[in-house]
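The values are calculated or read from the model by the stated rules, or taken from the named source; none is laboratory data. Just so it is clear, the model here is predicted, and its values are computed rather than measured. Every residue, glycine as well, gets a Cβ built from its backbone with ideal geometry; the counts of neighbours run over all protein chains shown.
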Amino acid sequence: MSNAFQKCFNLKYPIIQAPMAGVTTIDMAAKACIAGAMASLPLSHLDFRNFNDIEKFKSMISQFKNLVADENLEHNVNLNFFCHNIVDEPTNLQITNWVKLYRKSMDLPINSNEIDFNNGNVSFKAFERDYALQDFLKYLSNEFRPRIVSFHFGHPSKSTIEYLQKLGILIFVTATSVKEVNLLTSLGIDGIVCQGYEAGGHRGSFLINESKDDENLSTVQLVKRAVSELVAMKDKGIVRNTPFIIAAGGITDSQDISYMLSQQADAVQLGTALLGCNESNASKMFLAPFAPESRTRMVEIVSGKPARTISTPFIEKLLANFHGEELPPYGYIYDAFKQIRRIYPELANFILAGQGFQSVQSGISTDRKIDILGEKLR
Ligand SMILES: Cc1cc2nc3c(=O)[nH]c(=O)nc-3n(C[C@H](O)[C@H](O)[C@H](O)COP(=O)(O)O)c2cc1C
């Protein structure tokens, strides 16, 4: 097993605490960093074109640094963005279909006038078209350099990749297929997060447009195929350096981690395993065990992109009432759902979690959990 990943970042464990939008807190990331893992801060909720959001970002970084309180460790953080293609605003038909679906599924008199169809997840690609990118890059250049900047749902432009790499920042991108691994490797990406079908949260696919074209590779199959693809690309002289391979999806204990490392993954990225930790925004959901028959589902119609979530009556009703109608695109539809959830938090349950959700432990701090998982690897 290679320990190149740990050496590169001077980490105690070959573990990345997964960025989990809405769930990861600054405290959680700081605890992961202190434990000796790579911390991640999800930033997909921020619109860098907006002055207030830039200030929020700066404040997140200073809170993170204060909590870590160690200059040698504070750079061990991965800033995570969504990098999906920019979509058009929803049409009236899409909005009408959405309202009908929610009225029927929730049995409530929902009115389209009550909901603002705003884009709640602005893509990094939109910042690249704006001065926002320059401000962000200037901040990284002059104020604070994270070790990693990562992207989900796609990759930024070649010039952004090269600019960040010149600053000494490594670029990681999620892949769910061999085709994506191939493309990212030829772009010179430094780390590929191989996200299997078991994984919680949104699938980071960007070359697969329709679910029917998705091979739904498991984490281990994707890792194995990625490793052999990289060997082949190097042998053929297509690339000189190969990226780190990170296994993500369904990894819940030390044995799972060891197995992924034995399959030549350089590190693992843990999401679901940390959901119940004290610092997680989702910890309350995992205080009581789930019924043994509880299950997860891959659901596209809540956010507009396939995401693994725990099945709830709300999810089942939505799925039963949906018959392929056109709905608003990602970003807009997800924000509309979040508005409904704010009004009816008990009714609109969308709990992102992977297939390993039954083994989530609660009442434990993130640093302790990482230590327990990591110590057994040494
Ligand atoms: C609640 C939740 C939110 C997530 N949000 C993000 C995110 O903001 N950015 C990202 O790159 N990945 C996100 N993911 C995916 C994780 O990075 C990772 O691929 C996944 O959690 C690994 O599978 P596991 O959940 O089985 O450990 C999320 C996962 C979960 C469970």
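At-a-glance table
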| item | result |
| --- | --- |
| Criterion (acidic (D, E), farther than 23 Å from V231 by Cα and within 15 Å of the ligand (Cβ to nearest atom)) met by exactly one of E210, E198 | E198 |
| Residue in segment 64-76 that is part of a helix (DSSP H, G or I) and modelled with pLDDT under 95 present | no |
| Subset of segment 34-46 [within 16 Å of the ligand (Cβ to nearest atom) and surrounded by 17 or more Cβ atoms within 10 Å (Cβ to Cβ)] | A37, M38, A39, S40, L41, P42, L43, S44, L46 |
| Residue among K224, K234, K212 that alone is part of a helix (DSSP H, G or I) and under 30 Å from P329 (Cα atoms) | K212 |
| Filter pass, N182 being in the same structural domain as F51 (by TED's automatic domain parsing), at positive phi and either within 16 Å of the ligand (Cβ to nearest atom) or in contact with a helix residue (DSSP H, G or I) (Cβ under 8 Å, 6 or more places away or on another chain) (or both) | no |
| So A320, is it farther than 28 Å from L46 by Cα, at pLDDT 95 or above and among the small types (G, A, S) | yes |
| Residues of segment 346-378 that turn out to be small (G, A, S), under 22 Å from the mean Cα position of the chain (by Cα) and away from the ligand (no atom under 13 Å from the Cβ), as a count | 4 |
| Subset of segment 267-280 [out of contact with any Ser or Thr (no Cβ under 6 Å at 6 or more places or on another chain), more than 14 Å from G196 (Cα to Cα) and not hydrophobic (A, V, I, L, M, F, W, C)] | S280 |
| Test: residue in segment 47-62 that is within 12 Å of the ligand (Cβ to nearest atom) and either of a type outside the set (S, T, Y) or closer than 28 Å to F350 by Cα (or both) | no |
| Residue list for segment 171-197, restricted to those being in a loop (DSSP other than H, G, I, E, B) and crowded, with 21+ Cβ neighbours inside 10 Å | T176, S177, I189, D190, G196, Y197 |
| Residues that are at pLDDT 95 or above and in a loop (DSSP other than H, G, I, E, B), drawn from segment 130-144 | E143, F144 |
| Filter result for L73 (within 15 Å of the ligand (Cβ to nearest atom), in the same structural domain as F151 (by TED's automatic domain parsing), aliphatic (A, V, I, L, M) and buried (at least 17 other Cβ atoms within 10 Å of the Cβ)) | no |
| Test result for N118, of a type outside the set (S, T, Y), more than 16 Å from the ligand (Cβ to nearest atom) and either part of a helix (DSSP H, G or I) or touching a Lys or Arg at 6+ places or on another chain (Cβ under 7 Å) (or both) | no |
| Neighbours by Cβ (under 9 Å, 6+ apart or cross-chain): first from segment 158-170, surrounded by fewer than 16 Cβ atoms within 10 Å (Cβ to Cβ); second part of a helix (DSSP H, G or I) | S159/E128; L167/L137; L167/L140; L167/S141 |
| Answer from R203, R147 - the residue that is in contact (Cβ under 8 Å) with a residue 60 or more places away in the chain, in the same structural domain as L377 (by TED's automatic domain parsing), of a type in the set (D, E, K, R) and within 30 Å of E326 (Cα to Cα) | R203 |
| Filter result (over 28 Å from Q134 (Cβ atoms) and more than 12 Å from the ligand (Cβ to nearest atom)) within segment 161-179 | S177, V178, K179 |
